[in-house]
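**Student:** I'd like to ask some things about the structure below.
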Amino acid sequence: MGRVKDGLRRLTKAPGVPQARHLAERSVTPYLRSELQQLRVDHALTVERLSALEQKVDGLLGSFDRLQGSVDAHMPTVLNAIASTNGTARLLTRDTEGLRVSLSDVRRDIEELATQTSTASEAIRWEIRPHLDTLSWLSQRVEAIPDEFRPHIDTVAWLIQRVETVRAEMMHELRYGQSPEAQIAVEPKIINAARLADAAIRLNLGAGHLAIDGFVNVDMRELPSIDVVASIDRLPFERRTIAEIFSSHTREHFPEEELRRKLLPDWIGLLRPGGTFRAIVPDLEAMTKAYANGETSFETLRAVTYGGQEYEGDFHFTGFTPESMSKLLVQSGLQQPEVIASGRPNGDCLEFEISAVKPSS
């Protein structure tokens, strides 16, 4: 190494070297100065950057130290938690297995209970079925009670009406009673003249206590609801002026020959051409069938056939069927007989309703 230095020293002092060095400095120095200046600047920046980087590294090292300290401080807790978690996981696994076994037992118990319940339900069903059948029968009976009692209710209503009629008849007879001869000779009397002002007069013969709105109610007794007092064989109306003649349970109170020879011709003569004759009478055909079938008693059949016979005028002289009445009306000069109803209950009585029309010419 010393030899190299001596050689270099001698070389720098050799002839011409100093001049060459001076020439190189003068020709190269201007260029090197700027480069050196830039190198100084770059060096300063590099130093500054290295200083900043060193600070960052110091900061990171400090953070790492703090982190290391924190990790060291919390490591026992973490290790303890890991150990606890492992223990907890083992406990949960053991508990889960126990629950699985318990659920299996519960499922088996439920299936056994369902089987027992089904068996018990079937047994109960067989035990209570007679009671259910009884309840069903009772329910049907309760629902059928109104239908079963309706005929009796109708009969009671008819009886009440009948009693009221009989009461009114008896009171009238007690106060105004006359012999049958005097009754037949009663003089016609108009009580309610306004009823006769109608363009189409409609008569309700033998109205008694059962007056009908829209009709001229006629009876041989001067009752509160009567418009004209007259015997039905001496009616005070002009011939061919009446639009309709109606009567209910009246025809059977006269012998058939009297009806045929006198009453029907007189009534039909009062009807105007095209007028209507309408009547309701006991239906002896339906009554005899009901008696033959055991649906009505002999006492009821006898009362309907011959009348209640409780007071004067409560006797029946004849009876009709829808067919026999139709023939009688046609023989009397009416046309188009029509049976509106037959076998219709009216209390204990079965009745029919019939109508016919007077020819237009």
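Values in this text are rule-based calculations from the coordinates and carry no lab data. No experiment lies behind these values; they were computed from the predicted model shown. Here the Cβ positions follow ideal geometry from the backbone for every residue, glycine too, while neighbour counts run over all protein chains shown.
**Student:** If you find the alpha carbon centre of segment 342-361 and of segment 198-229, how far apart are they in angstrom?
**Tutor:** Each part's Cα centre sits 19 Å from the other's.
**Student:** Any chance you could list the semi-axes, whole Å, largest first, of the equivalent ellipsoid that the Cα gyration tensor gives for segment 163-357, using √(5λ)?
**Tutor:** For segment 163-357, the semi-axes come out at 26, 22, 14 Å.
**Student:** Taking each pair of distinct Cα atoms in segment 275-361 once, what is the resulting Kirkwood hydrodynamic radius in Å?
**Tutor:** Radius from the Kirkwood sum: 13.8 Å.
**Student:** By count of other Cβ within 10 Å, fewest leading, how are 229, 216 ordered?
**Tutor:** 229, 216
**Student:** Also, I was wondering about something else. I need 222, 111 ordered by Cβ neighbour count within 10 Å, fewest first.
**Tutor:** Fewest to most other Cβ atoms nearby, the residues stand as 111, 222.
**Student:** I would also like to ask the following. Any idea how far apart residue 193 and residue 117 come out in nm if each label point goes 7 Å out from Cα toward Cβ?
**Tutor:** Inter-label distance under the simple model: 9.1 nm.
**Student:** Related question: So how much slack lies between residue 262 and residue 323, counting 0.36 nm per residue of separation and subtracting their Cα-Cα distance, in nm? Show your work: numbers first, answer last.
**Tutor:** Details: separation 61, 0.36 × 61 = 21.96 nm, distance 2.10 nm.
Result for the pair: 19.9 nm of gain on full extension.
**Student:** Take residue 295 and residue 53, extend 7 Å from each Cα along the Cα→Cβ direction, and tell me the distance between the two endpoints in nm.
**Tutor:** 12.7
**Student:** Considering only DSSP states other than H, G, I, E and B, which GluC sites (Glu not before Pro) in segment 257-339 qualify as loop sites with at most 14 other Cβ atoms within 10 Å?
**Tutor:** 295, 310, 312
**Student:** For 280, 191, what ranking results if the residue with the fewest other Cβ atoms within 10 Å of its Cβ goes first?
**Tutor:** 191, 280
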